[in-house]
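Shown next, in structure tokens, is the structure this report addresses.
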Amino acid sequence: AKSAGGNRFELADPEADARAITRHGLTTALPAALERDEFFIEYQPLVHLGDGSVRGAEALVRWLHPQHGVLGPDRFIPLAEHTGLIVPLGRWVLEQSVRQAREWRERHGAAGPLRINVNLSPCQLTHPGLVQDTVDILERAGVEPDALCLEVTESALIGADDDLLKPLRRLAEMGVDIALDDFGTGYSNLANLRRLPVSILKLDRSFTQGMQQFPADPVDLKIVEGIVSLAHSLDLAVTVEGVETGAQAEQLRILGCDTAQGWYYARPGPPDRLHDLALVDATG
Ligand code: C2E
Ligand code: CA
Ligand code: CA
Ligand code: CA
């Protein structure tokens with residue numbers, strides 16, 4: 001911060017300064033962090049609301065920073081998007097996650113396919129290598145495209161033109177599922193959904209929050225009910241995120257949601273935990 005002198009920086013917030021410095025420091029440290037393998041992935045199970053079985057997991061990246069400890073994606077994904085590092089970082093996440101899915105399948109055998117959901121940043125969507133990279137990663141790991149779901153936020157696809165949708169269409173044609181993440185926060189035109197190559201809606205956590213009490217907020221109930229019936233009429237499955245209580249899970253199940261994710265089932269954790277959860281689940 002500027003020191004005395006009567007200029008307007010005098011009132012600068014020292015915490016804001018510290019945040020800016022950290023942001024700058026984190027941004028410049030990102031490329032080396034990728035080289036040094038400081039990123040790791042936690043997996044959070046996706047649970048079928050009808051029978052409670054574990055169907056797959058979402059990959060959520062973290063950074064084990066040598067000074068700051070474990071940083072959540074909200075701290076560094078925006079920085080990586082800003083500098084373009086999100087492309088190699090996103091590719092790394094995809095590769096690790098797909099390999100992990102392969103390992104689960106090998107160890108899990110007959111207990112059923114465990115699918116893997118991976119987040120895709122808007123910058124990755126416009127990167128020309130997306131389709132080929134994804135194909136290569138799946139082939140190298142020996143994983144079928146239908147075991148993979150790529151999550152794209154609703155806001156990234158609002159007003160998307162055909163050029164932006166083309167790679168997603170190609171992936172969808174190959175059998176990769178595309179999920180519309182954070183659905184309901186982006187004010188998208190619902191009729192627009194038909195144009196998008198998506199097969200899953202991920203209802204944003206804000207809707208689940210309205211169902212923490214029993215009975216739930218009646219307006220939230222109506223909205224979710226409407227979204228679910230619209231989604232199903234368009235042949236889309238509905239996943240809900242942020243499920244923290246059994247009451248929420250039950251109401252969302254009654255409303256017809258297909259799959260759920262949240263602390264009520266499990267926090268994001270190491271890959272072995274998911275294997276254990278799925279095994280317990282399969283053996284009763
Ligand atoms: P998201 O895709 O909406 O992921 C769900 C977030 O909700 C995760 O936060 C998860 O830990 C959190 N969550 C799960 N269950 C509950 C719950 O019951 N209650 C509450 N309050 N929260 C819950 P996380 O791991 O901090 O990730 C934040 C965001 O960072 C993600 O939001 C996603 O947009 C982004 N992200 C994470 N990994 C990646 C990645 O590999 N690539 C990209 N581009 N973005 C990523
Ligand atoms: Ca997501
Ligand atoms: Ca989400
Ligand atoms: Ca979200």
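Quick check: from the Cα gyration tensor, does the stretch 63-214 come out rounded (a/c under 1.5), prolate or oblate? Can you show the working numbers first?
Values: a/c = 1.21, a/b = 1.12, b/c = 1.08.
Verdict is rounded for the stretch 63-214.
Using Cβ point charges alone (K and R +1, D and E -1), the dipole size of the stretch 172-277 about the Cα centre works out to roughly 160 debye. Using equal-weight Cα scatterers in the Debye expression, the normalised intensity of the stretch 203-284 in log10 at q = 0.12, 0.15, 0.18 Å⁻¹ is -0.38, -0.57, -0.77. Phi angles across the stretch 255-261 convert, under the Karplus curve 6.51 cos²θ - 1.76 cosθ + 1.60 with θ = phi - 60°, into 3J(HN,Hα) values of 6, x, 5, 8, 9, 9, 8 Hz, Gly and Pro given as x. Applying a DSSP loop filter and a limit of 13 other Cβ atoms within 10 Å to the chymotrypsin sites (Phe, Trp or Tyr not before Pro) in the stretch 125-223 leaves 187.
Nothing charged except the Cβ atoms of Lys and Arg (+1) and of Asp and Glu (-1): what's the magnitude of the dipole of the stretch 14-116 about its Cα centre? Round to the nearest 20 debye.
Details: 12 positive and 13 negative charges, 54 e Å.
Once rounded to the nearest 20, the dipole reads 260 debye.
Only Cα sites of the chain enter the Debye sum here, all with the same form factor; the resulting log10 I(q)/I(0) across q = 0.09, 0.10, 0.12, 0.17 1/Å is -0.47, -0.58, -0.82, -1.45, listed in q order.
Here the label points at residue 40 and residue 217, each 7 Å from Cα along the C-beta direction, are separated by 3.6 nm in the simple model.
Each 5 Å bin from 0 upward holds the following percent of the Cα-Cα pairs of the stretch 167-233: 3, 15, 23, 23, 16, 9, 6, 3, 1. Panel values: the stretch 31-77, Kirkwood radius from alpha carbon pairs, Stokes-Einstein at 37 °C and 0.692 mPa s, translational diffusion coefficient 267 µm²/s. Using amide H atoms built 1.01 Å from N in the peptide plane, name the residues 5+ places from residue 201, or on other chains, whose amide H lies under 5 Å from its own. When sequence neighbours closer than 5 places are left aside, the close amide H contacts are 180, 237, 238, 239. Net charge of the neighbourhood of residue 68, taken over other residues with C-beta under 14 Å away and scored Lys/Arg +1, Asp/Glu -1, is +2.
Near residue 179: Cβ cut-off under 9 Å, other residues only, Lys/Arg at +1 and Asp/Glu at -1. The net charge is -2. When the chain is treated as a GNM with alpha-carbon contacts under 10 Å, the residue of 100, 248, 132 showing the greatest mean-square fluctuation is 132. Computed from point charges on the beta carbon alone (+1 for Lys and Arg, -1 for Asp and Glu), the dipole magnitude for the stretch 132-224 about its Cα centre is near 300 Debye.
Here, each number is a calculation from the coordinates, and none is a lab measurement. Model, not experiment: these values are computed from the prediction. Every residue, glycine among them, receives a Cβ derived from its backbone with ideal geometry; neighbour counts consider all protein chains shown.
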